[in-house]
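The values are calculated or read from the model by the stated rules, or taken from the named source; none is laboratory data. Here the structure is a predicted model, which is why all the values come from computation and not from measurement. We place every Cβ from the backbone using ideal geometry, glycine too, and count neighbours over all the protein chains shown. Heads up: the accessible areas ignore ligands, DNA and RNA and are worked out on the full protein's heavy atoms, side chains in. Shrake-Rupley method; radii C 1.70, N 1.55, O 1.52, S 1.80 Å.
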Amino acid sequence: MWLLGLPWALALLVTVASSGPSADPPDPASIFADLSPEELRAVRTFLMGRPELGLSPSQGGPLAKNSLFLVELLPPKKRSALRFLEHGGARPRREARAIVFFGAQAEPNVTELAVGPLPRPSSYRVLGFKGRRAVPFSARPMTRLEYELLHEALVAALAPLEPLLREATGFGFRNCSGRCLTFSDIAPRGLGPGERRTWLVIQRFVEGYFLHPAGLEVLLDHRDPDPRRWAVRQLWYNGRYFGDVRELAESHARGTLPLARLPEPPARQLFSSYEPRGRFSSGTPTEVHGAKVCEPQGRRYRLRGNRLEYGGWSLAFRLRSSAGLQLFDVRFGGERVAYELSVQEAIAFYGGHSPAAMQTKYMDAGWAMGASSYELARGVDCPETATFLDAHHLLDADGPVRFRHALCVFELPTGVPLRRHFDSDFQGGFHFYAGLEGRALVLRTTSTVYNYDYIWDFLLYPNGVLEAKVHATGYIHATFYTPEGRRYGSRVHSHLLGNIHTHLVHYKVDLDVAGSGNSFETMDIRFENISNPWSAGAR
């Protein structure tokens with residue numbers, strides 16, 4: 001996606017306070033802690049200084065270069081971590097995972113490296129994949145540089161369509177001031193290995209531009225590392241396909257093109273904006289505060305670096321740049337119940353009539369879900385009483401960048417008793433009533449991946465229940481409405497189709513109930529028809 005003034009999401013870690021000379025030994029949970037800004041800089045400095053890698057700065061320059069894309073913690077192997085945690089073994093070697101784009105060589109590829117030992121790295125090794133397969137350069141994630149070049153190429157290629165776009169939408173790409181067009185890109189970028197051609201959805205750049213498609217979708221081939229060789233391969237406008245820009249422009253010039261004329265967006269209360277508006281029919285006031293969370297006697301949880309303790313719970317956590325929240329060494333009552341619980345991937349498959357809609361199959365880790373965690377708003381994203389934690393990122397950047405309040409922790413009344421019983425005497429009275437308030441501790445972050453905002457929660461309950469929860473909010477991924485599109489979605493506004501789609505959210509769950517040598521099985525119930533032993537002839 002190209003967005004004017006868009007801040008780029010960069011790789012992430014939870015900030016941990018540094019220890020002074022007389023500090024206690026580091027908490028064992030710190031073996032799972034994300035890399036500090038100093039460690040991120042040390043890894044980058046070490047790799048940039050290796051002449052055989054030939055690395056260039058991430059920002060600027062050509063696409064065909066060797067550059068460092070991502071640096072994040074490489075967690076220790078489970079076996080060595082448990083030796084340290086359980087048996088007093090040696091502290092595991094601390095290492096970083098680095099992703100390098102090798103674009104300036106005969107066979108361009110993407111390579112993952114393990115770099116260590118930290119905090120003063122002195123060596124690296126290649127992290128290979130099964131079958132020793134190389135990741136092709138064409139399969140790399142998008143970078144800020146490529147988005148900038150993609151925008152330039154699109155503006156140049158669509159110059160002949162400027163009259164069409166101005167007439168139909170009132171917006172354009174050139175000399176547009178506050179009436180500009182933008183685009184969203186979809187994935188995958190092709191139909192087979194080695195391709196890198198992307199359908200771009202042209203949109204009016206207003207608040208909630210995801211809901212303002214202009215009716216034009218463009219297939220741009222950007223596989224070649226030289227942007228001068230990029231080209232538009234096909235276009236779709238208002239339900240029709242065109243082989244090139246010239247064909248569409250000439251159809252408009254001849255007056256044979258059915259234009260999709262969009263109404264002028266209002267200056268206020270645009271339907272896609274977050275501007276509060278409207279009243280409840282019940283008369284519920286909207287200008288006063290609703291219920292709030294409070295801690296009348298202070299916080300009941302404890303944070304020590306990346307160690308979180310609450311009730312019988314104790315765990316280590318991190319915010320992995322590539323995928324998001326991870327929990328390690330999860331214990332209840334001092335006994336480990338899980339070695340790891342972590343977000344792995346969020347996938348969305350779409351259907352539609354337009355080429356962008358039918359091609360969309362998002363795998364959001366490709367946009368670094370963990371590194372898309374922007375500042376949480378106190379009182380909205382998290383209660384005012386929450387503890388907020390900063391994060392640092394080193395993704396597609398030339399150094400770590402701090403993101404304020406990327407995570408929060410808070411205790412939450414559930415509104416339902418943890419347990420309760422009214423013991424009736426069946427004579428209009430009772431023997432006793434007993435109940436326990438329901439509460440949970442919440443560890444939260446968000447991922448804003450294009451239009452979607454995922455809210456990721458891990459909830460700890462005092463009865464030994466742990467819940468993983470995700471909320472999807474933000475904007476829908478929508479395309480331009482055509483009558484044919486009704487087969488694949490719902491018309492949600494005059495020129496807007498809400499496309500049919502499904503979400504798949506993947507977690508890794510490594511349970512260590514009663515030790516690490518356990519197994520997992522599912523059980524089902526079936527109906528059994530037997531003779532009734534206390535009533536002859538009945539079944």
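Most tightly packed first, judged by the mean number of other beta-carbon atoms within 10 Å of their residues, the peptides 289-296, 403-410, 87-94 read 403-410, 87-94, 289-296. The relative contact order of the chain, computed from alpha carbon pairs under 8 Å that lie at least 6 residues apart in sequence, is 15 percent. Coordinate range of the alpha-carbon atoms in the stretch 28-139 per principal axis, descending: 50, 34, 20 Å.
Which one of S56, A291, P119 is farthest out on the positive end of the charge dipole of the chain, using unit charges on Cβ (Lys, Arg +1; Asp, Glu -1) and the Cα centre as origin? Of the candidates, S56 comes out farthest on the positive side. The Rg/Rh ratio for the stretch 144-254 is 0.95, where Rg is the radius of gyration of the alpha carbons and Rh is the Kirkwood radius. Accessible area ranking (1.4 Å probe, heavy atoms, ligands and nucleic acids excluded), largest first, for W367, W534, W199: W534, W367, W199. Only the Cβ atoms of Lys and Arg (+1) and of Asp and Glu (-1) were treated as charged; on that basis the dipole of the chain about its Cα centre amounts to roughly 640 debye.
Simple point charges give the picture: +1 on the Cβ of Lys and Arg, -1 on the Cβ of Asp and Glu, and for the stretch 266-330 a dipole about the Cα centre of about 140 debye.
In a DSSP loop and with at most 15 other Cβ atoms within 10 Å, the trypsin sites (Lys or Arg not before Pro) in the stretch 103-143 are R133. Note down the Stokes-Einstein diffusion coefficient of the chain in µm²/s, whole number, using a Kirkwood radius over alpha carbon pairs, 10 °C, and 1.306 mPa s. Translational diffusion coefficient: 59 µm²/s.
Straight-distance candidates among the lysines for linking to K77, with alpha-carbon spacing under 26 Å and chain neighbours fewer than 8 residues away dropped: K130, K508. Helix 78-87 and the long axis of the chain differ in direction by around 30°, with both axes built from C-alpha atoms.
Across the stretch 28-139, the relative contact order, built from alpha-carbon pairs under 8 Å that are at least six residues apart, equals 23 percent. Using heavy atoms of the protein chains and a probe of 1.4 Å, the accessible area assigned to I500 is about 110 Å².
Partnerless cysteines in the chain, where a partner means another cysteine C-beta under 4.7 angstrom, comprise C294. If you fit an axis through the alpha-carbon atoms of helix 245-254 and take the longest principal axis of the Cα set of the chain, what angle between them do you get, 0 to 90°, nearest 10? With rounding to tens, the tilt is 60 degrees.
Taken per residue, the accessible surface of the stretch 144-254 reaches 41 Å², heavy atoms only and a 1.4 Å probe. FRET efficiency for the pair F280 and H506, taken as 1/(1 + (r/R0)^6) with r the Cβ-Cβ distance and R0 = 30 Å, rounds to 0.20. Taking M523, M358 and ordering them by how much accessible surface each has at a 1.4 Å probe, largest first, produces M523, M358. The magnitude of the dipole of the stretch 144-254, with charges of +1 and -1 set on the Cβ of Lys/Arg and Asp/Glu and taken from the Cα centre, is near 80 debye.
The gain in end-to-end length when the R539 to V513 segment is fully stretched comes to 5.4 nm, 0.36 nm per residue minus the alpha carbon separation.
On a per residue basis, the stretch 28-139 carries 50 Å² of accessible surface, using protein heavy atoms and a 1.4 Å probe. What the Cβ-Cβ distance of S251 and T522 gives, at R0 = 60 Å and to the nearest 0.05, is a FRET efficiency of 0.55. Here T385 sits with roughly 30 square angstrom of accessible surface, probe radius 1.4 Å. What aspartates and glutamates does K65 reach when the alpha-carbon gap must be under 17 Å and sequence neighbours fewer than 8 apart in one chain are set aside? The reachable aspartates and glutamates, counting only those whose Cα sits under 17 Å from K65, are E52, E107, E112, E146, E148, D224, D226, D396, D398. Applying 1/(1 + (r/R0)^6) with R0 = 41 Å to the Cβ-Cβ distance of R402 and Y433 gives a FRET efficiency near 0.20. Annotation for the stretch 352-403 versus the stretch 159-232: alpha-carbon center distance of 23 Å. Farthest toward the positive end of the dipole of the stretch 28-139, out of L35, A81, N109, is the Cα of A81, where the dipole comes from beta carbon charges about the Cα centre. With the simple spin-label model, which puts each label point 7 Å out from Cα in the Cβ direction, the R491 to Q269 separation comes to 2.3 nm.
Among Y241, Y488, Y461, the sequence by solvent-accessible area, most first, with a 1.4 Å probe is Y241, Y488, Y461.
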